[in-house]
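Report on one structure; see the data block that follows.
The values are calculated or read from the model by the stated rules, or taken from the named source; none is laboratory data. Just so we're clear, the structure is a prediction, and the values are computed from it rather than from any experiment. Don't worry about glycine lacking a Cβ; one is built from the backbone with ideal geometry, like all the others, and counts go over all protein chains shown. For accessibility, only protein heavy atoms count, side chains too; no ligands or nucleic acids. Shrake-Rupley method; radii C 1.70, N 1.55, O 1.52, S 1.80 Å.
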Amino acid sequence: RLEDWIDRDLLQLSKDQIAKIVRRDYSINERTGGVEQRDNVTLTQKNSKWSMSGGAPDSAAVQNLLSAIDSVTIEGVRRKPEGLSATLRAESGGAITQADLVSLQSKGFYLNRDGQLLSNEGELQVQSKDGITFVLRFGEILRGSGLMITAGEGEDDAASSGAAASRYLFLTC
């Protein structure tokens, strides 16, 4: 079982360690491949007070967001396509195969022409007070249970409508 060998707290970050949050709200038009920008919001903490780009933040909403970030857990893990790390770092030899691109797209992740990773449901950038920036990219919804969620076993048979919903998430730091 996954929880027997992994700490499921994804970011290892508590609410009071968060200094800045940037929500990049966009989606990928899967027919055209275009990016549809919706909104960008930046929240910054200074002296224990949160400020927001474009106005004053709702403190209850900020606290809810901080709690949600603090409680993100790992439900399962999938292997990253072989050449993706080098592609994202723009290294030579970072070629990613067409099969790997199709696999990423089936989970809601896309590479643009510049090799930048995008997701079909936007992203959240969370900066810690220590200067680490976590980028959480939100992909497709995944329904299933057991080994299907934790390891991808039986993924092709996953049309179980009554199963719990999770979401593919691609994390970079």
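Restricting the first residue to segment 159-171 and requiring it to be under 23 Å from I132 (Cα atoms) and open to solvent by 50 Å² or more (accessible area, probe 1.4 Å), which pairs with a second residue that is modelled with pLDDT of 60 or more and not hydroxyl-bearing (S, T, Y) meet a Cβ separation below 6 Å and a spacing of at least six or different chains?
Hits for this filter: L169/L136; L171/L136.
Tell me, yes or no, whether segment 82-89 has at least one residue that is open to solvent by 60 Å² or more (accessible area, probe 1.4 Å), in contact (Cβ under 8 Å) with a residue 12 or more places away in the chain and either of a type outside the set (D, E) or assigned to a loop (DSSP other than H, G, I, E, B) (or both). Give the steps one after another, and end with the answer.
Filtering segment 82-89 down to residues open to solvent by 60 Å² or more (accessible area, probe 1.4 Å) leaves 82, 88-89.
Restricting the remaining residues to those that are in contact (Cβ under 8 Å) with a residue 12 or more places away in the chain gives 82, 88.
Imposing the further condition that a residue be either of a type outside the set (D, E) or assigned to a loop (DSSP other than H, G, I, E, B) (or both) reduces the set to 82, 88.
Yes, segment 82-89 contains at least one residue that is open to solvent by 60 Å² or more (accessible area, probe 1.4 Å), in contact (Cβ under 8 Å) with a residue 12 or more places away in the chain and either of a type outside the set (D, E) or assigned to a loop (DSSP other than H, G, I, E, B) (or both).
Can you give me the number of residues within segment 68-81 that are without any contact (Cβ under 8 Å) to a residue 40 or more places away in the chain and part of a loop (DSSP other than H, G, I, E, B)?
Taking segment 68-81 as the starting set, the residues that turn out to be without any contact (Cβ under 8 Å) to a residue 40 or more places away in the chain are 68, 71, 79-81.
In the following step, the residues that additionally are part of a loop (DSSP other than H, G, I, E, B) were identified as 71, 79-81.
Looking only at that region, the number is 4.
From the list L65, L11, which one is outside any helix (DSSP H, G or I) and either open to solvent by less than 90 Å² (accessible area, probe 1.4 Å) or touching a Lys or Arg at 6+ places or on another chain (Cβ under 8 Å) (or both)?
Numbers: L65 fails: outside any helix (DSSP H, G or I).
Checking each option against the conditions leaves just L11.
Tally up the residues in segment 44-62 that are in a strand (DSSP E or B) and either open to solvent by 50 Å² or more (accessible area, probe 1.4 Å) or closer than 14 Å to I21 by Cα (or both), please. Break it down stepwise before answering.
So the first thing to find is which residues in segment 44-62 are in a strand (DSSP E or B), and the list is 44-46, 49-52, 55.
Checking which are either open to solvent by 50 Å² or more (accessible area, probe 1.4 Å) or closer than 14 Å to I21 by Cα (or both) leaves us with 44-46, 49-52.
Number satisfying all stated conditions: 7.
So, F134, is that one open to solvent by 50 Å² or more (accessible area, probe 1.4 Å), at pLDDT 90 or above and aromatic (F, W, Y) or not? Give the derivation first.
Working: open to solvent by 50 Å² or more (accessible area, probe 1.4 Å): no; at pLDDT 90 or above: yes; aromatic (F, W, Y): yes.
No: the conditions fail for F134.
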